[in-house]
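Since the structure comes first, as structure tokens, the remarks are kept for the end.
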Amino acid sequence: MSAKFLHTADIHLDSSFDRLPPEKASQRREEQFNLLRNIISAAEDNRCDAILIAGEKKKKTSPSFGIGTRTAEILGNTALPIFISPGNHDFFSSRSAYSLTKWSSNVHIFSSPEIACIPFAGINIYGAGFVSQELTFSPLRGFHADNNQKSVMLLHADLNSSDPRYCPITSQEIAASGLSYLALGHIHLRTEPQTFGETICAYPGCPEGRGFDETGEKGCYIVEIGDSVNVNFLPLRGRRMEIIDISLTPGHDALSEISSSLPPDCAQNILKIRLTGEYAPENLDIVRLENALGGRAFHIEISDLTHPPRNIWSAIGNDSLEGVFLSLILDKLDSAKDDGERTELELAARFGLAALNGEEAPK
Ligand SMILES: [Mn+2]
């Protein structure tokens, strides 16, 4: 007996994207439904037998009928069974979209913090869910899966954390569970599959970044359960959030420096460009740069972390270590034979000053 699952979590369908300008935010909110469709297509394309959603399908605890109805419609458009374990943000209650929305028969929601079991294709699918914003005990404590069956569990849980509010579970409990695979959600940064006892578990992370704390490639896990358990990361081709640091060179054109530093494949992405280095503030117009670069990515925001050029010679003549050091460099500058040597000496002055002041070495 074997089965293949797509494991995802932390989709947060109702994210506001309020850092983006209103029209782009509205586009991103709409795209979240495409993300859900893409996840389902990925499961179908990879011939999965079912989809596991380990919580935080949406973010707001209050019922939002529009999102519930649209989600139900999308999930009802596939024949694949979909198992959902509600998390702290989308907990199950009589007033939640889980209760108030009509779900198609392929959708199975774990509506209790006590572990329930749904037999599926010869595999036991276990799960539990949040019924309020906090779940302060471990449903895994004392749990042991039926030895004669392959088994999967969905949990929105905090592994080995000192915070007791979000379904605190431990690696010892996982090791004692006898599960084949534990599909986790809650941590937005993907973890590599880990093995405790005989059980493999993983956090797939969020399937698409939504803020600059969720940068880089995102996706889901494809989990095959047969004689052994195989877990493979499947990247999803959504928009990426990326942070790009660019050190400007004094006297050079900022726009062309930034432009040539952008990665070639960023047209769909949302970029934060952090400008560093010494740069004259009067030559840096952030709004103009953002507008000029607008076509290069879905959205670009620029933060100016530059500082004004420093007069490195200001301590000359001072009766200080800095003053003495600079006089020595200045003597050498007077006898420098070419521009190359002069540039090197000026750089030496900058490194020396940074070292004397306990500052980071200049770029
Ligand atoms: Mn959570």
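The values are calculated or read from the model by the stated rules, or taken from the named source; none is laboratory data. Note that this is a predicted model, so its numbers are computed, not measured. Positions of Cβ are generated from backbone atoms using ideal geometry, with glycine treated the same way; all protein chains shown enter the neighbour counts. The area values use the complete protein model at the heavy-atom level, side chains included, leaving out ligands, DNA and RNA. Shrake-Rupley method; radii C 1.70, N 1.55, O 1.52, S 1.80 Å.
Brief remarks follow.
- D331 at pLDDT 90 or above and surrounded by fewer than 12 Cβ atoms within 10 Å (Cβ to Cβ): yes
- Counted residues, region 1-16 - those being touching a helix residue (DSSP H, G or I) at 6+ places or on another chain (Cβ under 8 Å) and open to solvent by 20 Å² or more (accessible area, probe 1.4 Å): 1
- Screening G238, G219, G209 for residues that are in contact with an Asp or Glu (Cβ under 6 Å, 6 or more places away or on another chain) and open to solvent by less than 40 Å² (accessible area, probe 1.4 Å) leaves exactly one candidate, G238.
- Positions within region 1-35 being within 16 Å of the ligand (Cβ to nearest atom) and not hydrophobic (A, V, I, L, M, F, W, C), in sequence order: H7, T8, D10, H12, D14, S15
- Hits in region 247-264 - residues which are open to solvent by less than 20 Å² (accessible area, probe 1.4 Å) and in contact with a Gly (Cβ under 8 Å, 6 or more places away or on another chain): L248
- Residue selected from region 163-182 under the condition more than 28 Å from E217 (Cβ to Cβ), more than 22 Å from the chain's Cα centre (by Cα) and part of a loop (DSSP other than H, G, I, E, B), by the criterion nearest to the ligand (Cβ to nearest atom): P164
- Unmet criterion (only one of (1) outside any loop (DSSP other than H, G, I, E, B); (2) open to solvent by 50 Å² or more (accessible area, probe 1.4 Å); (3) of a type in the set (A, V, I, L, M, F, W, C)) for A267: (1)
- All positions within region 211-231 that are more than 23 Å from P21 (Cα to Cα) and not charged (D, E, K, R): G219, C220, Y221, I222, V223, I225, G226, S228, V229, N230, V231
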